[in-house]
Amino acid sequence: MTTEDSSDAGIPAGSGNPGSSANSPAPSRRSLIGWGGAGLALGAAAAGGAVAVAGTGDSAAPAAGAGVAFHGAHQAGIATPVQDRLHFAAFDVKTDDRAEFVAMLKDWTAAARRMTAGKAVGEGAYGGLAEAPPDDTGEALGLKPSRLTLTIGFGPSLFDRFGLAGQRPEALVELPQFAGDNLDRVRSGGDLCVQACADDPQVAVHAIRNLARIGFGKVSVRWSQLGFGKTSSTTPEAQTPRNLLGFKDGTRNIAGTETARLKKFVWVGEKDVDENSAWMTGGSYLVARRIRMHIEPWDRTSLQEQEDIFGRDKGEGAPVGKAKERDEPFLKAMLPDAHVRLAHPDSNHGATLLRRGYSFTDGTDGLGRLDAGLFFLAYQRDVRTGFIPVQRNLATDALNEYIQHVGSALFAVPPGVRDADDWWGRALFTSKGA
(Lines give C-alpha, C1' and ligand atoms only; values in the text may rest on other atoms or scores of the structure.)
Protein backbone atom coordinates (compact mmCIF):
# COMPACT_ATOMS: atom_id res chain seq x y z
CA MET A 1 0.00 0.00 0.00
CA THR A 2 2.93 2.30 0.69
CA THR A 3 1.24 4.97 2.74
CA GLU A 4 3.12 7.72 4.48
CA ASP A 5 6.82 7.27 5.02
CA SER A 6 7.31 4.82 2.21
CA SER A 7 6.67 7.02 -0.71
CA ASP A 8 8.37 10.01 0.61
CA ALA A 9 8.57 11.26 -2.91
CA GLY A 10 6.77 14.52 -3.27
CA ILE A 11 4.93 16.42 -5.87
CA PRO A 12 6.23 19.85 -6.82
CA ALA A 13 3.78 22.55 -7.44
CA GLY A 14 3.53 22.86 -11.17
CA SER A 15 7.25 22.52 -11.34
CA GLY A 16 8.57 23.87 -14.59
CA ASN A 17 5.20 24.94 -15.97
CA PRO A 18 5.50 28.59 -16.90
CA GLY A 19 2.35 30.60 -17.38
CA SER A 20 0.84 30.84 -20.81
CA SER A 21 -0.04 33.78 -22.97
CA ALA A 22 -3.32 35.65 -23.10
CA ASN A 23 -6.56 34.20 -24.40
CA SER A 24 -6.95 33.87 -28.15
CA PRO A 25 -10.01 34.43 -30.31
CA ALA A 26 -12.20 31.41 -31.05
CA PRO A 27 -11.36 29.37 -34.16
CA SER A 28 -13.48 29.43 -37.29
CA ARG A 29 -16.69 27.40 -37.54
CA ARG A 30 -16.04 23.68 -37.68
CA SER A 31 -17.56 21.58 -40.42
CA LEU A 32 -20.33 19.01 -40.00
CA ILE A 33 -17.64 16.32 -39.79
CA GLY A 34 -16.95 17.46 -36.25
CA TRP A 35 -13.91 17.94 -34.10
CA GLY A 36 -11.40 15.65 -35.82
CA GLY A 37 -10.07 17.83 -38.61
CA ALA A 38 -10.19 21.02 -36.60
CA GLY A 39 -7.76 19.88 -33.95
CA LEU A 40 -4.58 21.37 -35.36
CA ALA A 41 -6.08 24.75 -36.12
CA LEU A 42 -7.72 24.83 -32.73
CA GLY A 43 -4.44 23.91 -31.08
CA ALA A 44 -2.80 27.00 -32.49
CA ALA A 45 -5.77 29.21 -31.75
CA ALA A 46 -6.11 28.01 -28.18
CA ALA A 47 -2.43 27.92 -27.41
CA GLY A 48 -2.56 30.86 -25.11
CA GLY A 49 -5.58 29.73 -23.18
CA ALA A 50 -3.82 27.48 -20.82
CA VAL A 51 -3.72 29.50 -17.85
CA ALA A 52 -3.43 32.05 -15.38
CA VAL A 53 -1.58 30.66 -12.45
CA ALA A 54 2.06 29.88 -12.99
CA GLY A 55 3.77 26.62 -12.19
CA THR A 56 7.08 27.96 -11.04
CA GLY A 57 7.91 25.24 -8.55
CA ASP A 58 6.26 27.14 -5.70
CA SER A 59 4.41 24.63 -3.53
CA ALA A 60 1.66 27.03 -2.50
CA ALA A 61 -1.62 26.03 -4.08
CA PRO A 62 -3.27 28.56 -6.43
CA ALA A 63 -6.39 30.36 -5.29
CA ALA A 64 -9.61 28.39 -5.30
CA GLY A 65 -11.07 28.13 -8.79
CA ALA A 66 -7.89 29.32 -10.49
CA GLY A 67 -6.08 27.63 -13.36
CA VAL A 68 -2.79 25.73 -13.48
CA ALA A 69 -0.34 26.29 -16.33
CA PHE A 70 -0.61 23.69 -19.08
CA HIS A 71 2.75 24.35 -20.77
CA GLY A 72 6.03 23.48 -19.10
CA ALA A 73 9.10 21.25 -18.96
CA HIS A 74 7.11 18.70 -16.94
CA GLN A 75 3.44 17.81 -17.18
CA ALA A 76 1.17 19.45 -14.63
CA GLY A 77 -0.54 17.04 -12.26
CA ILE A 78 2.69 15.48 -11.01
CA ALA A 79 4.38 18.14 -8.91
CA THR A 80 1.30 20.35 -8.78
CA PRO A 81 -0.27 20.87 -5.33
CA VAL A 82 -2.73 18.00 -4.99
CA GLN A 83 -6.33 18.86 -5.86
CA ASP A 84 -9.38 17.49 -4.02
CA ARG A 85 -10.86 15.26 -6.75
CA LEU A 86 -9.75 12.76 -9.36
CA HIS A 87 -11.08 11.13 -12.51
CA PHE A 88 -8.54 8.66 -13.87
CA ALA A 89 -9.08 6.74 -17.10
CA ALA A 90 -7.08 4.07 -18.91
CA PHE A 91 -7.70 3.62 -22.63
CA ASP A 92 -7.25 0.86 -25.19
CA VAL A 93 -6.20 1.90 -28.69
CA LYS A 94 -8.63 0.74 -31.40
CA THR A 95 -7.02 2.14 -34.53
CA ASP A 96 -4.06 0.70 -36.43
CA ASP A 97 -3.59 3.95 -38.32
CA ARG A 98 -0.60 5.77 -36.85
CA ALA A 99 -1.48 9.09 -38.50
CA GLU A 100 -5.01 8.88 -37.13
CA PHE A 101 -3.70 8.22 -33.61
CA VAL A 102 -1.22 11.10 -33.79
CA ALA A 103 -4.00 13.40 -35.00
CA MET A 104 -6.05 12.36 -31.97
CA LEU A 105 -3.17 13.19 -29.61
CA LYS A 106 -2.97 16.65 -31.20
CA ASP A 107 -6.73 17.09 -30.82
CA TRP A 108 -6.53 15.97 -27.20
CA THR A 109 -3.75 18.45 -26.54
CA ALA A 110 -5.76 21.29 -28.05
CA ALA A 111 -8.79 20.34 -25.95
CA ALA A 112 -6.67 20.03 -22.80
CA ARG A 113 -5.26 23.52 -23.31
CA ARG A 114 -8.75 24.95 -23.36
CA MET A 115 -10.25 22.89 -20.53
CA THR A 116 -7.39 23.58 -18.11
CA ALA A 117 -7.97 27.27 -18.80
CA GLY A 118 -11.67 26.93 -17.96
CA LYS A 119 -12.77 27.20 -21.59
CA ALA A 120 -15.18 25.04 -23.55
CA VAL A 121 -13.78 22.60 -26.08
CA GLY A 122 -13.78 23.91 -29.65
CA GLU A 123 -16.75 26.21 -30.29
CA GLY A 124 -18.53 25.12 -27.17
CA ALA A 125 -21.72 23.37 -26.14
CA TYR A 126 -24.22 25.55 -27.98
CA GLY A 127 -24.55 28.08 -30.78
CA GLY A 128 -23.08 25.84 -33.46
CA LEU A 129 -24.74 23.96 -36.26
CA ALA A 130 -28.00 22.46 -35.02
CA GLU A 131 -27.52 19.42 -37.25
CA ALA A 132 -24.18 18.42 -35.64
CA PRO A 133 -23.18 17.37 -32.11
CA PRO A 134 -21.68 20.24 -30.09
CA ASP A 135 -17.92 20.44 -29.64
CA ASP A 136 -18.34 20.42 -25.86
CA THR A 137 -20.65 18.34 -23.67
CA GLY A 138 -21.62 21.40 -21.64
CA GLU A 139 -21.68 20.20 -18.02
CA ALA A 140 -18.78 22.47 -17.05
CA LEU A 141 -20.36 25.65 -18.46
CA GLY A 142 -20.08 28.45 -15.94
CA LEU A 143 -17.59 26.58 -13.76
CA LYS A 144 -14.11 27.87 -12.99
CA PRO A 145 -10.97 25.92 -14.00
CA SER A 146 -10.78 24.59 -10.41
CA ARG A 147 -7.05 23.92 -10.80
CA LEU A 148 -7.75 21.24 -13.41
CA THR A 149 -4.66 19.35 -14.56
CA LEU A 150 -4.56 16.69 -17.27
CA THR A 151 -1.63 14.27 -17.32
CA ILE A 152 -1.09 11.65 -20.02
CA GLY A 153 0.88 8.41 -19.83
CA PHE A 154 1.73 5.56 -22.22
CA GLY A 155 1.42 1.91 -21.16
CA PRO A 156 3.81 -0.91 -22.16
CA SER A 157 1.26 -2.34 -24.60
CA LEU A 158 1.25 0.86 -26.68
CA PHE A 159 4.79 0.02 -27.80
CA ASP A 160 3.50 -3.09 -29.54
CA ARG A 161 1.80 -0.71 -32.00
CA PHE A 162 2.72 1.89 -34.58
CA GLY A 163 6.33 0.68 -34.92
CA LEU A 164 7.25 1.97 -31.46
CA ALA A 165 8.91 -1.19 -30.09
CA GLY A 166 12.39 0.31 -30.35
CA GLN A 167 11.33 3.41 -28.42
CA ARG A 168 10.10 1.55 -25.32
CA PRO A 169 12.24 2.62 -22.34
CA GLU A 170 13.96 -0.13 -20.37
CA ALA A 171 12.31 1.15 -17.19
CA LEU A 172 8.83 0.55 -18.62
CA VAL A 173 8.80 -3.03 -17.40
CA GLU A 174 5.88 -5.35 -16.73
CA LEU A 175 5.15 -5.14 -13.02
CA PRO A 176 5.71 -8.50 -11.31
CA GLN A 177 3.08 -10.35 -9.29
CA PHE A 178 3.34 -9.22 -5.68
CA ALA A 179 2.40 -11.18 -2.58
CA GLY A 180 -1.33 -10.92 -1.92
CA ASP A 181 -2.24 -9.47 -5.32
CA ASN A 182 -5.71 -10.36 -6.57
CA LEU A 183 -5.73 -8.30 -9.75
CA ASP A 184 -8.82 -7.86 -11.87
CA ARG A 185 -7.76 -7.74 -15.53
CA VAL A 186 -10.74 -5.53 -16.28
CA ARG A 187 -9.33 -2.90 -13.89
CA SER A 188 -5.68 -3.25 -14.91
CA GLY A 189 -3.38 -2.19 -17.73
CA GLY A 190 -4.14 0.08 -20.64
CA ASP A 191 -2.40 1.44 -23.73
CA LEU A 192 -2.52 4.97 -22.36
CA CYS A 193 -4.02 6.89 -19.47
CA VAL A 194 -5.21 10.37 -18.58
CA GLN A 195 -5.23 11.60 -14.99
CA ALA A 196 -7.65 14.49 -14.42
CA CYS A 197 -7.34 16.26 -11.07
CA ALA A 198 -9.44 19.25 -10.01
CA ASP A 199 -11.06 20.82 -6.97
CA ASP A 200 -14.49 20.36 -8.56
CA PRO A 201 -15.47 16.76 -9.43
CA GLN A 202 -17.65 17.91 -12.32
CA VAL A 203 -14.69 19.66 -13.93
CA ALA A 204 -12.58 16.49 -13.72
CA VAL A 205 -15.36 14.27 -15.08
CA HIS A 206 -16.07 16.74 -17.88
CA ALA A 207 -12.42 16.60 -18.97
CA ILE A 208 -12.25 12.81 -19.27
CA ARG A 209 -15.69 12.67 -20.88
CA ASN A 210 -14.67 15.07 -23.62
CA LEU A 211 -11.34 13.39 -24.33
CA ALA A 212 -13.14 10.03 -24.62
CA ARG A 213 -15.66 11.62 -27.00
CA ILE A 214 -12.92 13.15 -29.17
CA GLY A 215 -11.14 9.79 -29.24
CA PHE A 216 -14.22 7.82 -30.28
CA GLY A 217 -13.27 5.21 -32.85
CA LYS A 218 -9.56 5.61 -32.10
CA VAL A 219 -9.56 4.69 -28.40
CA SER A 220 -12.04 3.37 -25.86
CA VAL A 221 -12.09 3.56 -22.08
CA ARG A 222 -10.72 0.31 -20.63
CA TRP A 223 -11.40 1.26 -17.00
CA SER A 224 -11.71 4.39 -14.92
CA GLN A 225 -11.70 5.48 -11.30
CA LEU A 226 -13.20 8.43 -9.45
CA GLY A 227 -11.38 9.61 -6.35
CA PHE A 228 -11.97 12.03 -3.50
CA GLY A 229 -10.20 13.06 -0.31
CA LYS A 230 -6.59 13.29 -1.47
CA THR A 231 -4.43 10.97 0.63
CA SER A 232 -1.14 12.82 0.20
CA SER A 233 -0.10 16.44 0.26
CA THR A 234 2.77 18.09 -1.59
CA THR A 235 2.34 21.35 0.30
CA PRO A 236 4.27 21.19 3.60
CA GLU A 237 2.16 23.73 5.46
CA ALA A 238 -1.09 21.94 4.59
CA GLN A 239 -2.73 19.57 7.04
CA THR A 240 -1.79 15.97 6.32
CA PRO A 241 -4.79 14.12 4.83
CA ARG A 242 -6.20 10.91 6.32
CA ASN A 243 -7.01 7.72 4.48
CA LEU A 244 -10.22 5.74 4.94
CA LEU A 245 -8.63 3.78 7.79
CA GLY A 246 -8.46 7.05 9.70
CA PHE A 247 -4.68 7.51 9.70
CA LYS A 248 -2.69 10.46 8.38
CA ASP A 249 -1.11 9.69 5.06
CA GLY A 250 1.79 11.25 3.20
CA THR A 251 3.62 12.83 6.13
CA ARG A 252 6.97 12.61 4.36
CA ASN A 253 5.82 13.21 0.79
CA ILE A 254 8.10 15.37 -1.36
CA ALA A 255 7.13 19.03 -1.35
CA GLY A 256 6.81 21.16 -4.45
CA THR A 257 9.76 23.29 -3.39
CA GLU A 258 12.12 20.31 -3.08
CA THR A 259 13.59 20.50 -6.55
CA ALA A 260 16.65 18.46 -5.58
CA ARG A 261 14.53 15.53 -4.37
CA LEU A 262 12.31 15.78 -7.42
CA LYS A 263 15.36 15.58 -9.66
CA LYS A 264 16.73 12.64 -7.69
CA PHE A 265 13.55 10.60 -7.29
CA VAL A 266 10.91 11.74 -9.80
CA TRP A 267 12.17 13.18 -13.09
CA VAL A 268 13.84 10.98 -15.70
CA GLY A 269 17.30 12.36 -16.46
CA GLU A 270 19.53 12.20 -19.50
CA LYS A 271 21.60 9.46 -17.88
CA ASP A 272 18.49 7.29 -17.48
CA VAL A 273 17.80 6.93 -21.21
CA ASP A 274 19.51 5.80 -24.38
CA GLU A 275 19.27 7.20 -27.89
CA ASN A 276 15.93 5.54 -28.57
CA SER A 277 14.26 6.45 -25.28
CA ALA A 278 15.60 10.01 -25.00
CA TRP A 279 12.02 11.21 -25.53
CA MET A 280 11.37 10.35 -21.84
CA THR A 281 13.88 12.90 -20.53
CA GLY A 282 11.98 15.18 -18.16
CA GLY A 283 9.18 12.66 -17.78
CA SER A 284 8.36 10.20 -15.00
CA TYR A 285 6.87 6.74 -14.43
CA LEU A 286 3.42 6.34 -12.92
CA VAL A 287 2.23 3.32 -10.97
CA ALA A 288 -1.55 3.18 -10.46
CA ARG A 289 -2.93 0.60 -8.02
CA ARG A 290 -6.51 0.11 -6.88
CA ILE A 291 -6.27 -1.03 -3.26
CA ARG A 292 -9.43 -2.43 -1.70
CA MET A 293 -9.70 -1.85 2.05
CA HIS A 294 -11.57 -4.33 4.23
CA ILE A 295 -13.37 -1.58 6.09
CA GLU A 296 -15.71 -3.64 8.28
CA PRO A 297 -13.02 -5.86 9.92
CA TRP A 298 -10.82 -2.80 10.42
CA ASP A 299 -13.62 -0.96 12.19
CA ARG A 300 -13.84 -3.84 14.70
CA THR A 301 -10.09 -3.78 15.41
CA SER A 302 -8.86 -2.26 18.68
CA LEU A 303 -7.22 1.16 18.62
CA GLN A 304 -3.98 -0.28 20.01
CA GLU A 305 -3.78 -2.87 17.24
CA GLN A 306 -4.55 -0.26 14.58
CA GLU A 307 -1.73 1.95 15.85
CA ASP A 308 0.68 -1.00 16.08
CA ILE A 309 -0.13 -1.97 12.49
CA PHE A 310 0.70 1.50 11.20
CA GLY A 311 3.47 2.40 13.62
CA ARG A 312 1.84 5.78 14.33
CA ASP A 313 -0.75 7.05 16.76
CA LYS A 314 -4.15 7.77 15.28
CA GLY A 315 -4.70 11.23 16.76
CA GLU A 316 -1.52 13.22 16.15
CA GLY A 317 0.05 10.83 13.66
CA ALA A 318 3.29 10.71 15.63
CA PRO A 319 5.62 7.73 15.12
CA VAL A 320 5.89 5.23 17.95
CA GLY A 321 7.61 6.84 20.93
CA LYS A 322 7.49 10.35 19.41
CA ALA A 323 5.29 13.35 20.20
CA LYS A 324 4.69 15.03 16.83
CA GLU A 325 3.66 13.78 13.41
CA ARG A 326 6.77 15.03 11.65
CA ASP A 327 9.25 13.79 14.26
CA GLU A 328 11.80 11.46 12.72
CA PRO A 329 10.59 7.89 13.33
CA PHE A 330 12.67 5.44 15.31
CA LEU A 331 11.93 2.37 13.23
CA LYS A 332 13.24 -0.19 15.71
CA ALA A 333 10.69 0.99 18.26
CA MET A 334 7.94 -0.28 15.93
CA LEU A 335 6.84 -3.87 15.53
CA PRO A 336 8.82 -5.68 12.79
CA ASP A 337 5.72 -5.88 10.57
CA ALA A 338 4.54 -2.28 11.13
CA HIS A 339 3.62 -0.55 7.91
CA VAL A 340 5.71 2.58 8.42
CA ARG A 341 8.76 0.54 9.38
CA LEU A 342 8.59 -1.61 6.24
CA ALA A 343 7.66 1.23 3.89
CA HIS A 344 10.18 3.80 5.12
CA PRO A 345 13.04 4.71 2.73
CA ASP A 346 15.56 3.59 5.36
CA SER A 347 14.13 0.08 5.01
CA ASN A 348 14.26 0.24 1.21
CA HIS A 349 17.75 1.48 0.39
CA GLY A 350 16.45 5.03 0.14
CA ALA A 351 13.69 4.27 -2.39
CA THR A 352 11.35 7.24 -2.47
CA LEU A 353 8.13 7.83 -4.44
CA LEU A 354 6.06 10.92 -5.13
CA ARG A 355 2.48 10.02 -4.25
CA ARG A 356 -0.82 11.71 -5.06
CA GLY A 357 -3.38 9.01 -4.33
CA TYR A 358 -7.08 9.38 -3.55
CA SER A 359 -9.70 7.56 -1.51
CA PHE A 360 -12.59 5.92 -3.36
CA THR A 361 -15.96 4.40 -2.54
CA ASP A 362 -17.80 2.53 -5.28
CA GLY A 363 -20.93 1.47 -3.44
CA THR A 364 -21.14 -2.01 -1.93
CA ASP A 365 -20.07 -5.40 -3.18
CA GLY A 366 -23.44 -7.13 -3.01
CA LEU A 367 -22.69 -8.57 0.42
CA GLY A 368 -23.24 -5.32 2.27
CA ARG A 369 -19.54 -4.49 2.42
CA LEU A 370 -18.17 -1.16 1.23
CA ASP A 371 -16.22 -1.34 -2.01
CA ALA A 372 -13.79 1.30 -0.83
CA GLY A 373 -10.12 1.96 -0.44
CA LEU A 374 -7.13 3.80 -1.82
CA PHE A 375 -6.45 4.57 -5.47
CA PHE A 376 -2.68 4.69 -5.19
CA LEU A 377 -0.81 6.92 -7.65
CA ALA A 378 2.98 7.18 -7.41
CA TYR A 379 5.45 8.94 -9.68
CA GLN A 380 9.11 7.97 -9.78
CA ARG A 381 12.27 8.10 -11.82
CA ASP A 382 12.48 4.30 -12.22
CA VAL A 383 10.05 1.66 -10.92
CA ARG A 384 12.90 -0.87 -10.72
CA THR A 385 14.46 1.13 -7.90
CA GLY A 386 11.20 2.68 -6.66
CA PHE A 387 7.85 0.97 -6.41
CA ILE A 388 8.94 -2.61 -7.11
CA PRO A 389 11.44 -3.03 -4.24
CA VAL A 390 9.19 -1.12 -1.82
CA GLN A 391 6.15 -3.25 -2.65
CA ARG A 392 8.18 -6.44 -2.32
CA ASN A 393 9.35 -5.32 1.11
CA LEU A 394 5.71 -4.91 2.16
CA ALA A 395 5.03 -8.63 1.70
CA THR A 396 5.07 -9.10 5.50
CA ASP A 397 3.21 -5.87 6.27
CA ALA A 398 0.62 -6.36 9.05
CA LEU A 399 -1.67 -4.04 7.09
CA ASN A 400 -2.07 -6.71 4.40
CA GLU A 401 -4.74 -8.37 6.53
CA TYR A 402 -6.96 -5.36 5.86
CA ILE A 403 -6.09 -4.43 2.26
CA GLN A 404 -5.74 -6.09 -1.13
CA HIS A 405 -4.39 -4.81 -4.43
CA VAL A 406 -7.10 -5.49 -7.02
CA GLY A 407 -6.05 -3.28 -9.95
CA SER A 408 -2.66 -2.33 -11.39
CA ALA A 409 -1.10 -0.39 -14.24
CA LEU A 410 2.19 1.24 -15.18
CA PHE A 411 2.64 4.17 -17.56
CA ALA A 412 5.52 6.17 -19.00
CA VAL A 413 4.59 9.82 -18.50
CA PRO A 414 6.36 11.96 -21.11
CA PRO A 415 7.71 15.46 -20.46
CA GLY A 416 5.47 18.50 -20.62
CA VAL A 417 3.99 20.26 -23.63
CA ARG A 418 6.42 23.12 -24.15
CA ASP A 419 4.45 25.61 -26.25
CA ALA A 420 1.61 26.15 -28.72
CA ASP A 421 3.33 24.03 -31.40
CA ASP A 422 3.94 21.08 -29.10
CA TRP A 423 1.55 18.22 -28.35
CA TRP A 424 1.22 15.19 -26.08
CA GLY A 425 3.61 12.48 -27.27
CA ARG A 426 5.39 14.57 -29.91
CA ALA A 427 8.85 13.61 -28.60
CA LEU A 428 7.97 9.92 -28.83
CA PHE A 429 6.36 9.93 -32.26
CA THR A 430 9.02 12.11 -33.85
CA SER A 431 12.02 10.46 -32.15
CA LYS A 432 14.70 8.69 -34.15
CA GLY A 433 13.51 5.29 -35.30
CA ALA A 434 9.88 5.93 -34.36
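The values are calculated or read from the model by the stated rules, or taken from the named source; none is laboratory data. Fair warning: this is a prediction, and the values are worked out from it, not measured in the lab. Cβ sites come from the backbone with ideal geometry, for glycine too, and all protein chains shown count toward neighbours. Only protein heavy atoms, including side chains, enter the accessible area calculation; ligands, DNA and RNA are left aside. Shrake-Rupley method; radii C 1.70, N 1.55, O 1.52, S 1.80 Å.
Observations
- Between T430 and D96, the contour length at 0.36 nm per residue exceeds the alpha carbon distance by 118.5 nm.
- For region 97-230, the carbon plus sulfur part of the accessible surface works out to 53%, probe radius 1.4 Å.
- Test item: Cα-centred dipole of region 107-244, Lys/Arg +1 and Asp/Glu -1 on Cβ, debye: 120
- Sequence ranges 77-86, 303-312, ranked by mean other-Cβ count within 10 angstrom, highest first: 77-86, 303-312
- Three-way shape call for region 298-434 based on the alpha-carbon gyration tensor, with the a/c threshold at 1.5: prolate
- Paramagnetic reach from V221 in region 131-156 [backbone N under 20 Å; point 7 Å along Cα→Cβ]: 133-141, 148-155
- Of all accessible heavy-atom area on region 284-359, the percent that carbon and sulfur account for (1.4 Å): 51
- Near-label residues of region 368-391 by backbone N, under 11 Å of a point 7 Å along Cα→Cβ of D184: 371-372
- Normalised contact order of region 92-159, rounded percent, pairs of Cα under 8 Å and 6 or more residues apart: 28
- In this label model, Q304 and D274 are separated by 5.7 nm, measuring between points 7 Å along each Cα→Cβ vector.
- For region 172-288: accessible area per residue (Å², 1.4 Å): 42
- Figure note: W298, W267 ranked by solvent-accessible area, largest first, 1.4 Å probe, ligands and nucleic acids not counted: W267, W298.
- Formal net charge of residues neighbouring V413 (Cβ-Cβ distance under 13 Å; K, R +1; D, E -1): +1
- Qualifying aspartates and glutamates (Cα of each under 12 Å from Cα of K324; at least 8 residues distant if same chain): D313, E316
- Extension gain, R384 back to D362 (0.36 nm per residue minus Cα-Cα distance, nm): 4.8 nm
- Label point distance in nm, A212-D327, each placed 7 Å from Cα along Cα→Cβ: 4.8
- A crude spin-label estimate for the pair Q202 and D160, with each label 7 Å from Cα along the Cβ direction, gives 4.1 nm.
- Neighbours of L370 by Cβ distance under 12 Å: Lys/Arg scored +1, Asp/Glu scored -1, total -3.
- Take each peptide in 157-164, 389-396, count the other Cβ atoms within 10 Å of every residue, and average; sorted highest first, the result is 389-396, 157-164.
- Per-residue Karplus couplings for region 304-318, computed as 6.51 cos²θ - 1.76 cosθ + 1.60 with θ equal to phi - 60°, are listed in order as 4, 5, 4, 5, 5, 4, 7, x, 9, 7, 7, x, 7, x, 6 Hz, Gly and Pro entered as x.
- Take each peptide in 202-212, 359-369, 220-230, count the other Cβ atoms within 10 Å of every residue, and average; sorted highest first, the result is 202-212, 220-230, 359-369.
- R0 of 51 Å, Cβ-Cβ distance A260-E131: FRET efficiency to nearest 0.05: 0.35
- The residues neighbouring R292, those whose beta-carbon lies less than 14 Å from its own, together hold a net charge of -3 under the Lys/Arg +1, Asp/Glu -1 convention.
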